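Rule-based calculations on the coordinates, nothing more; no lab input. Small disclaimer: the values here were computed from a predicted structure and weren't measured. No Cβ is skipped: glycine too gets one built from the backbone with ideal geometry, and neighbour counts run over all protein chains shown.
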Amino acid sequence: MTRIAFIGLGNMGGGMAANQARAGHDVVAFDLSAAALEKPVSAGCRAAGSAAAAVRDADAVITMLPAGQHVRGVYSGEIAPHAKAGALFIDCSTIDVESARAVAADVTRAGFRFADAPVSGGQAGAEAGTLAFMVGCADADFAAVEALIGPMARTVIRAGDHGAGQAAKICNNMVLGASMIAVCEAFALAEKLGLDPERFFEIASKSSGQCWSLTSYCPWPGPVPAAPSNRNYEGGFATAMMLKDLKLAQEAAAKAGAATPLGAQAEGLYALFDRLGGGGKDFSAILELFRGNAPMAAKAT
């Protein structure tokens, strides 16, 4: 049995920690929100009173936190000073590349192993243990990282050294955000032209317009029963989270001197949708912006 400290039990972390407990690991969990601990504890995790208490005696530490400053703070202030020697640290947060590399440098100097391993698959994937992990770590550490991630994963890919996991994640989500906008624009146009949306889906899904945003996560209700569009865009991957990832991509592009005009346009559109009240909805709900539906369109005028 491996003892795992799991820090950060929000929409993603709660399901991920629960899957580690179901796999037979001894999981000691901590979150600043007591309510967030309820799901993992009911699945067999043990609650800790602080991050420092959770990591004490742990063989591995997994974190899932909101942003770079939180990751930097908890690793420097609570994890590294209290973890046992040689522990494996895996940060599954989606953060800026610079923060991931800075944390890696600090903790490896202190004798720990570290991987940045952001995920794709949303809350449903976290619950089902079918997430895709993009890993940045030393080549020698990857086998241990892959084994530990296993109960939470469908796919685990080493992207490269420290920071490469974050780079892969923000590039992937820039593709996802822009492609979903294109699919939503097409559905809105098809509707305006009098083309039945389900017939358009049937055609596009078998033609050159086929993509994941269309056939696996269709923004129009009906064609893909598991998509959030059939649940009033509840659950899934929130617009506010997509916007966060697109901002990270644009910040990285600016620092690297890369031209990402479609990524910039996608960020602007999701920022607008967020300001109009769509931040809590799944990101595919941006379809409603292009359809001109209330309340979002009404707020825009």
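Here the simple spin-label model places points 7 Å from the Cα toward Cβ, and for ALA110 and SER205 these points are separated by 4.9 nm. Taking a point 7 Å from the Cα of TRP212 along the Cα-to-Cβ direction, the residues of segment 89-110 with backbone N closer than 20 Å to it are 92-97. Pairwise Cα separations in segment 147-221 fall into 10 Å bins from 0 onward with the following percentages, short to long: 17, 36, 24, 18, 6, 0.
Compared with the rule-of-thumb size 2.2 N^0.38 Å for a compact globular protein, segment 146-289 has a Cα radius of gyration ratio of 1.12. Of all the options GLY122, GLY194, GLY236, the one that moves most in a Gaussian network model of the chain with Cα springs shorter than 10 angstrom is GLY194. Over the chain, what is the relative contact order in whole percent, taking alpha-carbon pairs under 8 Å and six or more residues apart? Answer for the chain is 12 percent. When every alpha-carbon pair in segment 53-158 is counted, what percent end up more than 25 Å apart? Of all Cα-Cα pairs in segment 53-158, 14 percent lie more than 25 Å apart.
In this calculation the C-beta distance from GLU251 to ASP196 is compared with R0 = 51 Å, giving a FRET efficiency of 0.80. Which one, (i) 0.97; (ii) 1.29; (iii) 1.04, gives Cα Rg over 2.2 N^0.38 Å as derived from the coordinates shown? Matching the structure shown: (iii). Please report the antiparallel percentage of the DSSP beta bridges confined to segment 94-181, to the nearest 5. Close to 40 percent. Placing dummy labels 7 Å off each Cα toward the beta-carbon, the span from SER33 to ALA143 is 3.9 nm. Taking label positions 7 Å along the Cα-Cβ direction at both ALA259 and THR2, the computed distance is 4.5 nm, reported to one decimal. Any chance you could check the Cα centroid distance between segment 87-101 and segment 214-255 for me, in angstrom? Value for the Cα centre distance between the two parts: 23 Å. Net charge around ALA53, counting only other residues with Cβ within less than 15 Å of its Cβ (Lys, Arg = +1; Asp, Glu = -1)? Around ALA53, the charge tally is 0.
What value, in deg cm²/dmol to 500, does the helix sum -39500 (n - 2.57) over DSSP H runs of n ≥ 4 give at 222 nm once divided by the residues of the chain? Computed mean residue ellipticity for the chain: -13500 deg cm²/dmol. Here, segment 41-80 yields an orientationally averaged convex hull projection of 3.3 nm² when only Cα atoms define the hull. Annotation: peptides 202-214, 24-36, ranked by per-residue average of other Cβ atoms within 10 Å with the highest first, follow the order 24-36, 202-214.
With a Cα cut-off of under 23 Å and a minimum spacing of 8 residues unless on different chains, the lysine pairs in the chain number 13. Among complete DSSP H helices in the chain, those whose alpha-carbon atoms stretch at least 24 Å along the helix's long axis and whose mean Kyte-Doolittle hydropathy reaches 0.5 are 164-192.
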